[in-house]
Structures are given as C-alpha cells and as structure tokens.
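What follows draws every value from the coordinates through simple rules; no lab data is involved. What you see is a predicted model; the values in this text were computed from it and never measured. Because the Cβ atoms are built from the backbone with ideal geometry, glycine has one as well, and the counts that use them run over all protein chains shown.
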Amino acid sequence: MAVLLIAEVTGATLGADSTAKALTAAKALGDVTVLVAGAGVDGAAAEAAQFAGVSKVLAADDAAYGNGLAEPLADLIVGLAPGYSHILAPATSAAKNVMPRVAALLDVMVISEITAVVDADTFERPIYAGNAVQTVKSADATKVATVRTATFEAAAKGGSAPVEKIGAAGDKGLSAWVEDKVAASDRPELTSAKIVVSGGRGVGSEENFAMIEKLADKLGAAVGASRAAVDSGYAPNDWQVGQTGKVVAPQLYIAVGISGAIQHLAGMKDSKVIVAINKDEEAPIFQVADYGLVGDLFAVLPELTEKL
Amino acid sequence: MKVLVPVKRVIDYNVKVRVKADGTGVDLANVKMSMNPFDEIAVEAAIRLREAGTATEVVVVSIGVKQAQETLRTALAMGADRAILIEAASDVHQDIEPLAVAKLLKGVVDAEAPGLVICGKQAIDNDMNATGQMLSALLGWSQATFASDLAIEGDQAVVTREVDGGMQTIKVKMPTIVTVDLRMNEPRYASLPNIMKAKKKPLEEKTPADYGVDVAPRLTVVKTAEPAGRKAGVKVGSVDELIAKLKDEAGVI
C-alpha cells in the first residue's frame, strides 16, 4: 500500500520532529511518500529525504503554501490522493486545519489524532479528552488521518530518498495571510522537548511564573502551563498542556502547583517520568506522578533550581 | 446577514466519563448532558455580532437525538432567534459522524443562505475537530479555524487563530466558516425570563431524509476501552531526595 505523509512545514522550515514521528506511524502502513509543501522548501525537502524509510519526497514550492492556508493546500493534497491508500499528517494545528477539509473533498471520514495503527483499516484514538480509547475501523477507500505524535517514536535519519518537484494546484484566493505572532524563545519547542516544567494555578501570578522559567532554563527544558494557569493570565495560551492545549510526552515532566485535572492529565500522562510538586497531598496529580514532593513550591523551587 | 451556529448535545464537561463494561462505548444513560462548551462560545460570538448590528438573525441547528431540543432551547435562551432540529438518531449512544453532520449542515446552508457559519472547534465527546472544516470543503467556502478573534469587514472576515507556537491572523472571503477556540469570549448565562421566552421561539423539526443525506457511519467502532492507567509512584521527603531519585533511579537528569 502507498502512504502519502504530509510533512509539517512552517514557511520554509521542516517540522522535523513531528514529521519523523508521524513517519513511524506511516511506515507501518506501507510505502511512504512525503509531501513537503511550502514557500522555498528545497532545504526542507532535502531534510525530509534523509529520514529512513521514505521512498520519495514530493516538493511543492509555491507562495500559496507559505503560510499554511488550508484551502490551497487541501486542493494540492486532493489532486495527489488517487495514488494513495492512506494520507497521514502529524496532528499539528496546521494539519488539523487542513486534513478534515481534504477528507470531505474526498468524501471520506477523517480519523483524528490516532495513537496506534492496528492494521491498514483500524486505528486507536482517544475520545472524551483521553478518558476513553476507541478502536475504529474505516470502510473508506482512502484513509485520511492525523497522528498524535506524542505516542510514536521519531524515525531515524540515514535515508536518501529522491526529491521530485511538483507543480502547485492553484489558489482560488479564498483566504489571505496577514501576520503571524510567534513567541520568540531560546527554549526547546514544547511538544518535542526532552524535559518540560509546567506551572499551575498554585504558582499564583504571572510574576511568580518566572520561577518556573528559571527552573526550566536550568534544565534546558520547555515551559508548560495548566489551563487554570493560562485562564488566570499567568502564562500564554501556547504554553498550555492538556486536551485543549498541547499533548506532550517528554522524558521528564515536572508539574508545579498543578492539581491534576483530567483535561491536564490527558496532555501529559504519556511522559516517561512525572514529578509533582504540590502543597496539597491529596491533589490528583500525585496519582500519576512517579515522584511526588509535598511542599510549598515557593520554598521547593528555588532550592531545586539551586541544587541542580 | 444571517448567522448559522451548529450546536451539539454532549456529556456535561463536569461529568466523569465511564466506559461501559462490555467495551461498546461510554455510558450516556442517565448522565447529565449539556451544550458542547465550544458551541456555547460560537453561539455567544453570533449573538454579539447581532447585538453589534453586523448580523440580523442567529439561527441555531442541532443534529442528533430528539433531546437535542433542550440544547437548542439553551441557545435560544442565550439569545438565538430560531432553531432547527435534525433528528438523525434515536439512541443517545449513536454519534453522527462529522462528515454526515457536514452534509446535513450543507443542506441547511443551501436552504437558509447564511453569510457566516460559526462552529465550535471540536466536540468534547468524539474530539474529532472536523465538522467546520468539512462543511467549508463541501460548500467550497473559505475557512478560519481555532479563532480567538473575529471581525467582519465588508466582504471579508479578519480572524486571529490560535496555532502551534502563537497566533496567526488571516483574512477570509465571505461567506465563510469560522470555528472558535476557548478564548474567543466568555458565554453568557441565560436569565430566567430569557429561558421562559425561549420556549416560545420557533423550533423547526427536520430529518436527514429532508436533505437527502445518508448518515450511516464510515467508521465502525470496534471497541472502547479505558486508557492505560499510570500507577502512583513514591513520595519523596526533600529536594535532595528528589534530585537523587531523578539522577540515580530514573536517569533523566
């Protein structure tokens, strides 16, 4: 079977980590062609070609694909669809925008955020904010799915697939990009960081969040936040970890002042090691933590940051 | 301009979800049901457009079991003008897939000719995050998903979207589909007088056959299971002990 994997591309840059993880899911289904669509993507296409297990890279270089607008990208993917049994993409905000559109244009049902490939037609996916896992079997001719990257290992490099340039599929001009406001940061990206330090409502204020950031910087970690902390204005929304934010699975997840609401757990429970620091020893976060420290975070955090 | 808002009746977000012992799904019998939280935000956004004079009428539509009437009455009590119920299921456990929902909504759009459709970005039951994008595809319209801000400027909508790593602003041609994210607004509560008034607002009942749509699912649910649990670990007594465990036992720092 032939699989078309839509690479995560932001402008001209390949989202190597999420694409490599989705590639692992795609390889279980058949021969993988990677589509790299963006503006000025020669480098991104060459990078995608290095992943082991990629048969071919299709590079679509056009201004229409430079800002992730759904309509022109969906038209491009639909034009390529007849050659493939499966069309997959990592479940990034860009792919979640475009893949259901692709599925509807093909008259098939999209399968969102798969966490396991059972066979060519059957997939596992979380429902109810991760409180249940559903196994679904698709009867559609083409399977269109997004892959929850946190549950798949990244495919290694070491390949050298051929890169083929393909033409653009046109742009009907339904939408236009105005601007991106991306938080500039030297920290690792939240969804691919090895260590994540997250703060919750217990942190108490935006100023106090600096303590979380200090610990994160000491560890070379990304900074996360619970929805309660985001809603209280302590942290920006793109730091949010949980069902309504990002799903992460780092080697080490340190939850500080986070009670452990179900919606937060859904976003981090696949982490390898979880540390919880909370003054309430009954907090649900301790039920999933490998190491729990009951204590006042305002005393614990400075000590931890200093001694590491 | 008429605004159409699809709303879904789902398990209340405060209710603990229980997987049925036989693995056929999640138990929804005698469980509190409410409007999908993202759809409440969509209803609020539409009402605000009408209050600002940008929209003239807010029509809400729900697809599912007969009891979805209650969800529509909630939207009417918030301030929507009229409602359409498409009764597509007789069992509360039967979820109509986003593709079928999008096809039915296309039928409603063809009949009602709204200038704007505002949807919640996803339903908190099946977590598909697909209906708005699919409807947009079927109509050949523009789409603006995960919106945190919306402004109508003539024949265009300027939408700020929540994307990985930050925010993106785009301009889309009207008519368009906007799907809303959490920070778009804080939905109002319906007041008692408005709840009473909502009972007299028009609610039209339809069936999928009225729109010529087959709602048979494309995905068969093989089984539904509890997620893999995580065992609680150990409590440590001090920062030193924590650092020692992370270094020597877990080997993660």
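Here are a few things to note about the model shown:
- Across peptide A:272-281, the mean count of Cβ atoms from other chains lying within 10 Å of each residue's own Cβ comes to 3.
- Within the straight-line cut-off of under 14 Å between alpha carbons, the aspartates and glutamates reachable from B:K247 are A:D290, sequence neighbours fewer than 8 places apart in one chain being disregarded.
- Relative contact order for segment A:190-307, counting Cα pairs under 8 Å that sit 6 or more residues apart, in percent: 25 percent
- Whole-number D in µm² s⁻¹ for the protein assembly as shown, Kirkwood Cα-pair radius fed into Stokes-Einstein, 37 °C, 0.692 mPa s: 136 µm²/s
- Candidate lysines - alpha carbon under 17 Å from A:K27, same-chain residues fewer than 8 apart omitted: A:K56, A:K143, A:K157
- Per residue, the average separation of C-alpha pairs within less than 8 Å and at least 6 apart gives chain B a relative contact order of 23 percent.
- 11 Å beta-carbon shell around B:P217, net charge (K/R +1, D/E -1): -2
- Between the listed residues B:Q67, B:A45, B:V92, the Cα displaced farthest toward the positive end of the dipole of segment B:34-104, a dipole computed from Cβ unit charges relative to the Cα centre, is found at B:A45.
- Dipole moment magnitude, nearest 20 debye, chain A about Cα centre, only Lys, Arg, Asp, Glu C-beta charged: 440 debye
- For the residues B:T54, B:T24, B:T74, a GNM of chain B with alpha-carbon springs under 10 Å puts the largest fluctuation on B:T24.
- Under 28 Å between alpha carbons - lysine pairs in segment B:1-129 that sit 8 or more apart or on different chains: 24
- Cα gyration tensor category, rounded, prolate or oblate, for segment B:2-249 with a/c compared to 1.5: prolate
- Whole-number percent relative contact order across segment A:2-166, with pairs defined as alpha carbons under 8 Å at least 6 apart: 30 percent
- Number of partner chain Cβ atoms within 10 Å, mean per residue of B:94-101: 2
- Whole-number D in µm² s⁻¹ for chain A, Kirkwood Cα-pair radius fed into Stokes-Einstein, 10 °C, 1.306 mPa s: 78 µm²/s
- Ranked by how many other beta carbons lie within 10 Å on average, peptides A:182-194, A:126-138 from highest: A:126-138, A:182-194
- Helix A:16-27 and the longest principal axis of the C-alpha atoms of chain A enclose an angle of approximately 60°.
- Among A:V144, A:V117, A:V247: highest mean-square fluctuation, GNM of chain A, C-alpha pairs under 10 Å: A:V117
- Spin-label zone in segment A:104-136 - amide nitrogen under 14 Å from a point set 7 Å from the Cα of B:K223 along the C-beta vector: A:118-119, A:123-125, A:133-136
- Gyration tensor (alpha-carbon) shape descriptor, segment B:72-190, a/c threshold 1.5: rounded
- A:A168-A:D119 FRET efficiency (beta carbon distance; Förster radius 51 Å; 0.05 resolution): 0.90
- Prolate/oblate/rounded label for segment A:201-308 (Cα gyration tensor, a/c 1.5): rounded
- For the residues of B:21-28, the average number of beta carbons from a partner chain within 10 Å of their own beta carbon is 1.
- The C-alpha atoms of chain A define a longest principal axis, and helix A:209-219 lies at about 70 degrees to it.
- With the helix formula -39500 (n - 2.57) applied to DSSP H stretches of n ≥ 4, chain A reaches a computed 222 nm mean residue ellipticity of -7000 deg cm²/dmol.
- Helix-only CD estimate at 222 nm, as mean residue ellipticity for chain B, using -39500 (n - 2.57) per DSSP H run (n ≥ 4): -7500 deg cm²/dmol
- Positive-pole candidate from B:M78, B:T56, B:Q156, dipole of chain B, charges at beta carbon: B:M78
- Considering only the Cα atoms of segment A:132-233, their convex hull presents on average a projected area of 12.9 nm².
- Close Lys-Lys pairs in segment A:190-307, where close means Cα under 14 Å and separation is 8 or more or interchain: 5
- Within the protein assembly as shown: Cβ-based charge dipole about Cα centre, in debye rounded to nearest 20 (Lys, Arg +1; Asp, Glu -1): 820 debye
- For segment A:228-306, GluC sites (Glu not before Pro) are listed when DSSP marks them as loop and at most 12 other Cβ atoms sit within 10 Å of their Cβ; the list is A:E281, A:E282.
- Cβ-based net charge around B:A198, under 12 Å, with every Lys or Arg adding one and every Asp or Glu removing one: +4
- Positive end of the dipole of segment A:2-166 (Cβ unit charges, origin at the Cα centre): among A:N131, A:L105, A:A45, the Cα lying farthest that way belongs to A:N131.
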